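Please read through the structure below; I'll follow up with questions.
The values are calculated or read from the model by the stated rules, or taken from the named source; none is laboratory data. Quantities reported herein were computed from a predicted structural model and do not represent experimental measurements. As a convention, Cβ positions derive from the backbone with ideal geometry for all residues, glycine included, and neighbour counts pool all protein chains shown.
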Amino acid sequence: MLRLMLSVWLIVLSQDALAARPEVVVRLKDHLFHPAKVYVPANKKVKLIIINEDDDPEEFDSFALNREKVVFGQAKANLFIGPLPPGRYPFFGQYHPTTAQGEVIVLPPGEEVPDAH
């Protein structure tokens, strides 16, 4: 009985941890990332949701993040980044590298996302 209660407690804790994970949506339209600058907190795992609104596939690629993921046209893909120290991490679309460019900016603890205006 104790094992069962412990198992249930661990499942509840893990679901709470997943629910608290930050998510960021990046859209790909006309071979451009929107937003081109993505702000995430330092030292946290972040779910990056990439939505490709173009008809053509694109490969999200980042040497700095050590990530690559093909996102088919009119589809979406999820990938996880971090936890990362504060800094700037460029990414690009491998099939359209001159236009599809962006950057993940990891903010130090306590720093707010800059106003877009």
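Cβ-Cβ under 7 Å, sequence separation 6+ or interchain: first residue in the stretch 62-74 and at positive phi and at pLDDT 95 or above, partner part of a strand (DSSP E or B) and surrounded by 14 or more Cβ atoms within 10 Å (Cβ to Cβ). Which pairs?
Going by the 7 Å Cβ cut-off, the qualifying pairs are GLN74/ASN52.
Pairs please, first residue from the stretch 14-36 and more than 13 Å from ILE51 (Cβ to Cβ), second anywhere and modelled with pLDDT of 85 or more and of a type in the set (A, V, I, L, M), Cβ atoms under 6 Å, 6+ apart in sequence or on different chains.
Here the result reads PRO22/VAL46; HIS31/ALA100, each pair linking the stretch 14-36 to a residue that is modelled with pLDDT of 85 or more and of a type in the set (A, V, I, L, M).
Testing ARG21 on (1) within 12 Å of the chain's Cα centre (by Cα); (2) at pLDDT 95 or above, one condition comes back false. Which one is that?
For ARG21, the exception is condition (2).
Out of the residues in the stretch 47-68 that are out of contact with any Phe, Trp or Tyr (no Cβ under 9 Å at 6 or more places or on another chain) and charged (D, E, K, R), which is farthest from ALA20 (Cα to Cα)?
ASP55
Go through (1) under 13 Å from PHE33 (Cα atoms); (2) under 12 Å from the mean Cα position of the chain (by Cα); (3) surrounded by 18 or more Cβ atoms within 10 Å (Cβ to Cβ) one by one and return the number of the condition ASP54 breaks.
Answer for ASP54: the failing condition is (2).
Select from the stretch 81-103 the residues that are within 19 Å of LYS44 (Cβ to Cβ) and loosely packed, with under 12 Cβ neighbours inside 10 Å and list them in ascending order.
Result: PRO85, ARG88.
Sort out for me the strands (runs of 3 or more DSSP E) sitting completely within the stretch 66-117 that have 1 or more residues that are more than 20 Å from GLU53 (Cβ to Cβ) and in contact with an Asp or Glu (Cβ under 8 Å, 6 or more places away or on another chain). Break it down into steps so the answer makes sense when it comes.
Values: elements: 67-71, 75-81, 87-93, 101-107.
Here the list reads 67-71, 87-93.
Condition first: more than 14 Å from LEU28 (Cβ to Cβ), of a type in the set (Val, Ile, Thr) and not in a strand (DSSP E or B). Can you find one or more residues in the stretch 46-64 that meet it?
So far as the stretch 46-64 goes, no, none of its residues is more than 14 Å from LEU28 (Cβ to Cβ), of a type in the set (Val, Ile, Thr) and not in a strand (DSSP E or B).
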